Amino acid sequence: MSSPTLRTVPFPVRVFGGPTALFEYGGLRFLTDPTFDGPGAHPSPNVLLTKTASAGGSQDDLGRIDVVLLSHDEHADNLDTSGRALLADVPLTLTTPGGGERLGESATGLVDWQSVALERRDGGPGTVTVTGVPAIHGPGKREDVEPITGQVVGFVLTGEGLPTVYVSGDNASLDAVREIAERFAPIDTALLFAGAPRFREIFDGEVLVLDSAQAAQAAKILDAGRVVPVHYDSWAHFTEGRDELVAAFAAAGLTDRVDFGVRG
């Protein structure tokens with residue numbers, strides 16, 4: 001694998017617990033999967049989602065948000081009540097095609113490999129391009145998984161003179177990661193959703209999003225210079241946390257690639 005480039009280092013990522021992270025790119029401020037509700041239960045049609053910890057910071061302290069990158073809108077551990085309210089004040093939400101229809105005029109759904117160009121706010125050349133990329137929320141093929149867990153989308157951000165950034169969303173498929181690597185590797189910064197979430201009621205308890213060892217493997221496939229893990233804490237159905245991620249990346253010889261971000 002190549003060494004991390006100097007481009008990898010500069011931009012900080014604020015993490016809030018669960019899948020929620022904030023970063024600036026091309027002068028635009030991006031927020032992933034907003035979840036700011038306090039601890040509590042979130043009933044859903046198939047399972048009970050239980051949040052176990054408050055967000056690591058307040059949504060009142062976020063400042064300006066230009067774009068929400070929403071992997072999907074149908075599960076409370078990716079978009080909760082406070083997150084939905086927040087969308088009303090954000091100019092653009094990029095999400096799944098179905099979410100684009102459900103969430104109103106400020107939401108745009110992206111199919112795989114569809115891109116949108118956004119005006120930069122840093123005075124740099126060209127635009128920021130956000131490309132929707134494949135994500136499969138469970139084991140197996142998309143056509144088998146989506147009827148149960150729904151559509152999910154990941155994102156790749158590119159721009160002239162900017163690092164290449166991948167936001168995985170709730171993806172469990174390394175085959176999808178390989179498709180993304182074929183088009184975009186090496187990735188400078190990968191926000192990988194992990195946590196090995198499981199429910200006995202769904203897919204016989206198989207993981208619905210990458211486990212820690214798979215996250216490390218994904219980092220190798222992507223030739224990622226930096227990995228920021230998210231989606232591994234604050235919810236009861238996440239079966240692997242920070243300790244498992246640290247161990248898996250150490251076993252893969254990738255300890256120097258992991259950045260757990262700035263909390264809150």
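In the range 114-139, how many residues are closer than 27 Å to Gly195 by Cα and touching a residue at least 60 places away in the same chain (Cβ under 8 Å)? The total comes to 5. Do we find that Gly154 is small (Gly, Ala, Ser) and assigned to a loop (DSSP other than H, G, I, E, B) in this structure? No; evaluated as a whole, the condition is false for this residue.
Taken together, the criteria exclude Asp122 from residues that are assigned to a helix (DSSP H, G or I), of a type in the set (D, E, K, R) and out of contact with any strand residue (DSSP E or B) (no Cβ under 7 Å at 6 or more places or on another chain). Residue count for the range 102-141 satisfying the condition of being more than 30 Å from Phe238 (Cβ to Cβ) and touching a Phe, Trp or Tyr at 6+ places or on another chain (Cβ under 6 Å): 0. Scanning for something more than 19 Å from Gly264 (Cα to Cα), touching a strand residue (DSSP E or B) at 6+ places or on another chain (Cβ under 9 Å), hydroxyl-bearing (Ser, Thr, Tyr) and surrounded by 21 or more Cβ atoms within 10 Å (Cβ to Cβ), does the range 58-72 turn up at least one residue? Yes, the range 58-72 has at least one match. Within the range 173-198, the set of residues being in a loop (DSSP other than H, G, I, E, B) and crowded, with 19+ Cβ neighbours inside 10 Å comprises Ser173, Ile187, Asp188, Ala194, Gly195, Ala196, Pro197, Arg198.
Counting the residues of the range 5-24 that are of a type in the set (Ser, Thr, Tyr) and at pLDDT 60 or above gives 1.
Scanning the range 157-169 for residues that are outside any strand (DSSP E or B) and either in contact with an Asp or Glu (Cβ under 8 Å, 6 or more places away or on another chain) or farther than 17 Å from His72 by Cβ (or both) turns up Gly159, Glu160, Gly161, Leu162, Pro163, Thr164, Gly169. Just for the range 199-234: of the residues that are in a helix (DSSP H, G or I) and among the aliphatic types (A, V, I, L, M), which one is farthest from Thr20 (Cα to Cα)? Ranking the candidates gives Ile221 first.
The values are calculated or read from the model by the stated rules, or taken from the named source; none is laboratory data. Treat the numbers as computed from the prediction; the structure is a model and nothing was measured. Please note: Cβ atoms are built from the backbone with ideal geometry, for glycine as well, and neighbour counts cover all protein chains shown.
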